[in-house]
Amino acid sequence: MRRSAAIAFGLAAAAGLSCSNGAQDTADRVHDLRVLAFRADPPDQVLRASFQPDGGMKTARLPPDGGAALDGGLGPALAITPITVTALVADPAGAGRDIHCRWTTCAQTDGTTGRCEDASPMFAVLGVADVVAGVDGAEPAVTFTPDTAMLFALQQVDPYRGLRGLWHLVQLEVTAGDENVVAQKRAVVTLSVDEVPPPPNRNPVLDTLRFDDEDWAPDAEVTFASAVRSRTGFGPLSGTAPAPANKVEPIPDPALAEDYTVTTFDGQTKSLHEAWRYNFFTTQGSFSRASTGATSPLDTTPPLDTRWQALAPEDGGLATVWVVVRDGRGGESWLVRHAQAPEVALPRPGR
Amino acid sequence: MLLRLRSLIGPLALAAGLLAAARGVAQEAYEGAVRHAEVPDASVPVMTRGPELLQPVEPAFPDGARALALSADVTLRLLVGTDGRVEKVDLVKPAGHGFDEAATAAARGFVFRPAEIDGKPGPVQVEFTQHFTWTAPPPTLAPAAPPIATLVGTVLEKGNRHPVPGATVLVDGGTPAETDAAGVFTVVTPPGKVAVSVRDSSHQPFEATETLAAGERLEVRYYLTPKAVGLYETTVHGERERKEVSRRTLQREELEKVPGAFGDPLRVLQSLPGVARPSFGSGVLLVRGSSPNDTGVYFDGIQIPLLYHFGGGPSVVNPELVDRIDFYPGGFGAEYGRAIGGVVDVGPRTAAADGLVHATAKADFIDAAAYASAQPLPGLSMSVSGRRSYVDALLPLVLRGTTVISPEYTDYQAKVDYRPPGTRHSVGLFAFGSEDTLHAVIGRGSSTNIDINTAQGFFRVEGAWGYAGDRFTHKAQVYAGLNTQSFGVGELRADQLDRVGGFREKAQVVLNEHLTVRGGADVQLTQARLTSFSPAPPDYRGFPGEQADPTLVSQASQHDLFPYAEWAELRLTAGPLKVMPGLRAEQYREVGRWRTDFDPRLIARLERGPEGHRSELKGSVGLYHENPPLGLLDAERGNPDLRLQAALQTSLGFEHDFTDVLSLDVTGFYNRRFDLAQRVNVVTVADDGTVSRKLADNVGLGRAYGLEVFIRRRITEHFFGWLAYTLSWSEERRQGDATYHWASFDQRHILSAVAQYKLGNGWEFGGRFQLTTGDPTTPIVGSTFDGDTLGYRPISGAAGSTRLPTFHQLDLRVDHTWLFNRWMLGVYLDVQNVYNQPNQEAVLNDYRFRTQTVVTGLPLIPVLGLKGSY
């Protein structure tokens, strides 16, 4: 009967039971203080680790003495390297106010909040800073080096014991005025017992973006479609016709999407290929699809483009568009573009 | 002057007038005054012979009434003892003028051949109408005129063509004639124009003028209008024996006319005590704090997978084919199993044994339904019914934009019963089924539209053989059928096809007046075939937000489910005390595992007082098991090692009958549920490094306790209604959790008031008011942005620590019926949520869980319908 109930719910919802939400800030329209994305450099690093007992290659183990597990004989390329985590913070309505950033980490988040709290195991403050978000937003960053004690603790609390890597959580709390956002990012440290460890993951890179099928360079100022183009209907039935939309399309380099392998639960190796996903954010209007790219069960060949449409007459001036690309396994980057709204006079009502 | 005495005591009238026996053995022995010639229920004692009036006594016509030339009918209720003597006479419909005393005095002298119940003499109550008809004394000197014309007629009730027996027919003030059981009368009269009048106490007077030629034999048919159109048929149903602590039985008239139910019998269940209100009118049965899957649904004793079309729509059974609904909110006997909540058993209706063809058609803006029945041969009755929705054709008129929804539902039933005249055997064949389909397109015209196709349905065909002996009764059923379920979104598909077969045997032996033994077997074989075209379950640890392996793969699996049960029950009677111990032993062979349970159950009742003023103390305790949902037993997505889910149910209650029709039932209950199967994600890494995951486990615990109050005014000619109030707590937790929290369906106060009144002249009016505590909700106190998925994770407050606002709603219904000689036409207006209360049903969160949007329930909805009956 559960499926039946779900169908009934769907019918009811489709019949108009849900209400509208006229908020200025939506998933893809940025108005308030927001963290839009994170990038870790490097997003992944591979460490050679011992495995005990010697029953085959499944999950690398770190013994309690931490550093002894790391095979320094493999050379400096596989030593622990510092990680820089950069956030993309936007605050369009903040009018250039100070944004306080506090970076923290922990081995295990609080069971209730899912956050690193002061009492969390291995809690540490990685850094604090004040930034100001401009038109492109702000990019606060912190650099830290995971120590072996933290890696050992991460493996101890991980039910998978490090299968698919240790996920070192970095938490950013941004505060401006009475707004507060807590965001988290996982930096991956992969433990490998292979003689030839797999290459670490790299952040995806998106260089090319198109606006109405034309290259949209960082310094190009394009003009997007006006929110109000015409008035339709007569008398009380009159209204504004939706503005035409602009096509925004990321053009990835297929060669940059990586092949990689994962270890299955029964110890086998499975080969996969990265499926990049794109998220679109803007300070004006909205997108027909706020996320494109990655295949899904519903669409195995999804389009990458989206339609950007300004919704409100008050939209105007300079608009910022952020496009975030993710490789699905921790790699992430973004680019920023701008567009200018045309000067358009509103038609007189009723005409 | 002529005094005529006539008795209504015939087989049909007796059955119609029979009420539950007043005391002793008969109280236990009689269950259901009319069995409708259906396959007998082995658990039901049977009246094997009705009482027969051997020595009537003619009453004296009161002198005062004679002087005033008065006629009258006096209705009495007689308690006929086991020796055939009249032990008690109650005046049901007095007439005054000395008629009452004369009728009572005469009735005390009646001698009956006593009734037999299960082959033994037993006391019964019968209703008896004494007719006093004044006529002028015949002329003493004039010679009798020779008969020269004959008027032969049949008197039928208008609208339904039922014969009217016992009506008085007067032709030109001559000798009155009386209609027989078939409504037929014969009058010999002088030729010419004659005035005909027909009188009957339950119908309006009828007058006609006929012209007869000398020697002519004129055949006529008269239709009498009942004094109240469609009176509630109180006399065709007897009081079923009270066995279980909380069995609530609803009759046809109660089921059809409850406002807000849109004429759907099974939706009335949601107005009974112990049943929580489902949100969105979804229709799921939330019984005493249990989840919807914990309540078993049976149709004619055979389990069916769903009760309502689309979960919350009309029921899957045509209302015309529903005779009664037995609802057990808990504490049911060993006969039922595989459920740890409640049980709903819908009794099908057997075609009327009146030799006529009957048909009904109904239509409103949602669907249309039809029903027809006939009795082509003595003992053979047949009925067929069906229903089809057309809301799919109407929705496009109101749904604009890019969303298209096309729901369709169909149900159908065909039933044949045969009881050879003069035998105690009966056989039956019953086929029924239901089919729902839903096609929806969201984002029509877009290249990224979502196409949804779902379907669910079932079909059963059942053969039954029954025997009703003096001491031994049984019913055997063998059935087969299909359950289908499919769900598709785009290319994704998941289908399930169940081939179902089974056998049920139920037998009863009355050893003596103190001991009855019942028992049976319940065997079911289900072959479930699941096919899907969907992403394979990940066999590796996925990174948050990773979607690198969306390849759709075809998968097929087959599961043979084989639960079988044996059960036995004793009914011990010692004076006012009845004790019913029972044991149900069941084995489940499912997904390659054996699971066994033994469920002991005990039910006891202590009765005091005469019929109409009876008081009862009642209690029950029992163990109940059910198998986990199939989806949780799957090896890849669940855990095939799950144990059976279990519940310990207890109840203690009190019943009191203030009158024959007004009763109070107060029942307290405490149910503890344990070993509930729930999804978990427990990862275990073996020494060799391999990883195993447990995705489901018996870690759920629940408890529900409370009090149910049921004040009920049973059906009489003009009125019925009830007030149901439930005070309940339903809590749950997982093993290892320190404290319980409110269960998802916990509603502290549940109040339902139902009333229906027949105003006369075909008008009928009813209302239902519901008031319930809002469902528990878990507040969201914040959220965290996940930089790897670019989504927000909510931070929940204490589970179930807040509630939606109190729900309240009023539904009204008006019916009007027009009578024609051979058929009747009814129109009804059922208005749901009359004062358009915006009841809050859910809260939707924005993308970052900061802003909540309220979702309200259904607004005021008027439904206009038509129903024609032939």
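The values are calculated or read from the model by the stated rules, or taken from the named source; none is laboratory data. Worth saying up front: this structure is predicted, and the values here are computed from it rather than measured. Quick reminder, even Gly has a Cβ in these numbers, built from the backbone with ideal geometry, and neighbours come from all protein chains shown.
Residue-wise test of (1) within 12 Å of chain B (Cβ to nearest Cβ); (2) without any contact (Cβ under 8 Å) to a residue 60 or more places away in the chain; (3) over 30 Å from B:K694 (Cβ atoms).
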residue: A:F123; (1), (2), (3): no, yes, yes
residue: A:D130; (1), (2), (3): no, yes, yes
residue: A:G134; (1), (2), (3): no, yes, yes
residue: A:P146; (1), (2), (3): no, no, yes
residue: A:F152; (1), (2), (3): no, no, no
residue: A:L172; (1), (2), (3): yes, no, yes
**OP:** Mind telling me which of the residues B:E611, B:E586 ends up being within 29 Å of B:G520 (Cβ to Cβ) and either within 14 Å of chain A (Cβ to nearest Cβ) or at pLDDT below 95 (or both)?
**Re:** B:E586
**OP:** Filter the stretch B:306-332 down to residues that are aromatic (F, W, Y) and closer than 23 Å to B:A359 by Cβ, then give me how many there are.
**Re:** 0
**OP:** Check A:D178, A:D158, A:D110, A:D118 and return the single one that is free of Cβ contacts under 8 Å to residues at least 24 places away in the same chain and buried (at least 20 other Cβ atoms within 10 Å of the Cβ).
**Re:** A:D158
Original post:
Looking at this structure, is B:R595 under 30 Å from B:A635 (Cβ atoms) and surrounded by 15 or more Cβ atoms within 10 Å (Cβ to Cβ)?
Top reply: yes
**OP:** For the stretch B:730-739, indicate whether the set of residues that are of a type outside the set (A, V, I, L, M), closer than 23 Å to B:L286 by Cβ and either within 14 Å of chain A (Cβ to nearest Cβ) or in contact with a Ser or Thr (Cβ under 6 Å, 6 or more places away or on another chain) (or both) is non-empty.
**Re:** yes
Subject >> B:D811 vs. criteria part of a strand (DSSP E or B) and in the same structural domain as B:F543 (by TED's automatic domain parsing) >> reply: yes
**OP:** Among the candidates B:L819, B:L812, B:L804, single out the residue that is in contact with a Gly (Cβ under 6 Å, 6 or more places away or on another chain), of a type outside the set (K, R), closer than 29 Å to A:Q24 by Cβ and more than 9 Å from chain A (Cβ to nearest Cβ).
**Re:** B:L804
**OP:** For the stretch B:830-859, name all the residues that are within 27 Å of the chain's Cα centre (by Cα) and more than 28 Å from B:G800 (Cβ to Cβ).
**Re:** B:D830, B:V831, B:Q832, B:V834
**OP:** For the stretch B:854-870, enumerate the residues that are within 11 Å of chain A (Cβ to nearest Cβ) and assigned to a loop (DSSP other than H, G, I, E, B).
**Re:** B:G857, B:L858, B:P859
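Per-residue answers, yes or no, for (1) over 26 Å from B:Y705 (Cα atoms); (2) out of contact with any Cys (no Cβ under 8 Å at 6 or more places or on another chain); (3) not in a strand (DSSP E or B):
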| residue | (1), (2), (3) |
| --- | --- |
| B:Q587 | yes, yes, no |
| B:W594 | yes, yes, no |
| B:R601 | no, yes, no |
| B:E607 | no, yes, no |
| B:G619 | no, yes, no |
| B:A635 | yes, yes, yes |
| B:G638 | yes, yes, yes |
| B:S663 | no, yes, no |
| B:G668 | no, yes, no |
**OP:** Kindly indicate the residue of the stretch A:268-285 that is assigned to a strand (DSSP E or B) and crowded, with 21+ Cβ neighbours inside 10 Å and also nearest to the other protein chains (Cβ to nearest Cβ) among those meeting that condition.
**Re:** A:N279
Subject >> From the options B:G787, B:G760, B:G767, residue that is crowded, with 17+ Cβ neighbours inside 10 Å, at pLDDT below 95 and among the small types (G, A, S) >> reply: B:G767
Original post:
Which of (1) surrounded by fewer than 18 Cβ atoms within 10 Å (Cβ to Cβ); (2) in contact with a Gly (Cβ under 9 Å, 6 or more places away or on another chain); (3) assigned to a strand (DSSP E or B) is the odd one out, the single condition B:G481 does not satisfy?
Top reply: (1)
Subject >> Candidate set: the stretch A:121-149, residues that are surrounded by 18 or more Cβ atoms within 10 Å (Cβ to Cβ) and in contact with a helix residue (DSSP H, G or I) (Cβ under 9 Å, 6 or more places away or on another chain); chosen: the one nearest to B:D786 (Cα to Cα) >> reply: A:G137
Subject >> the stretch A:37-49 - residue that is among the aliphatic types (A, V, I, L, M) and under 17 Å from A:W103 (Cβ atoms) and, of those, farthest from the other protein chains (Cβ to nearest Cβ) >> reply: A:A40
Subject >> Residue in the stretch B:547-554 that is within 14 Å of another protein chain (Cβ to nearest Cβ) and in contact (Cβ under 8 Å) with a residue 24 or more places away in the chain present >> reply: yes
Original post:
In this structure, is B:V831 in a strand (DSSP E or B) and within 11 Å of chain A (Cβ to nearest Cβ)?
Top reply: no
**OP:** Quickly run through the stretch B:505-549 and pick out the residues that are assigned to a strand (DSSP E or B) and aliphatic (A, V, I, L, M).
**Re:** B:A507, B:V509, B:V510, B:L511, B:L515, B:V517, B:A521, B:V523, B:L525, B:A528, B:L530
Subject >> Every pair of residues 6+ apart whose Cβ atoms lie under 9 Å, when the first sits in the stretch B:708-727 and is buried (at least 17 other Cβ atoms within 10 Å of the Cβ) and among the aliphatic types (A, V, I, L, M) while the second is assigned to a loop (DSSP other than H, G, I, E, B) and modelled with pLDDT of 90 or more >> reply: B:L727/B:R748
Subject >> Spans of strands (runs of 3 or more DSSP E) in the stretch A:178-267 with at least 1 residues at pLDDT below 90 and either within 30 Å of A:C116 (Cα to Cα) or basic (K, R) (or both) >> reply: A:179-192, A:259-263
Subject >> Which listed residue is of a type in the set (A, V, I, L, M, F, W, C) and either more than 22 Å from B:G481 (Cα to Cα) or part of a loop (DSSP other than H, G, I, E, B) (or both), from B:A368, B:A431, B:A414 >> reply: B:A368
Subject >> Selected residue (only one of B:F110, B:F99 is touching a helix residue (DSSP H, G or I) at 6+ places or on another chain (Cβ under 7 Å), aromatic (F, W, Y) and in the same structural domain as B:E52 (by TED's automatic domain parsing)) >> reply: B:F99
**OP:** Test each condition in (1) part of a strand (DSSP E or B); (2) away from every other protein chain (no Cβ under 14 Å) for A:Q108 and report the one that comes out false.
**Re:** (1)
Original post:
With respect to B:T851, is the statement that it is farther than 30 Å from B:N160 by Cα and polar (S, T, N, Q) true?
Top reply: yes
Original post:
Among B:E491, B:E505, which is more than 14 Å from every other protein chain (Cβ to nearest Cβ), in contact (Cβ under 8 Å) with a residue 24 or more places away in the chain and either in contact with a Phe, Trp or Tyr (Cβ under 8 Å, 6 or more places away or on another chain) or over 28 Å from B:R388 (Cα atoms) (or both)?
Top reply: B:E505
Original post:
Has the stretch B:839-853 got any residue that is in contact (Cβ under 8 Å) with a residue 12 or more places away in the chain, exposed (fewer than 14 other Cβ atoms within 10 Å of the Cβ) and outside any strand (DSSP E or B)?
Top reply: no
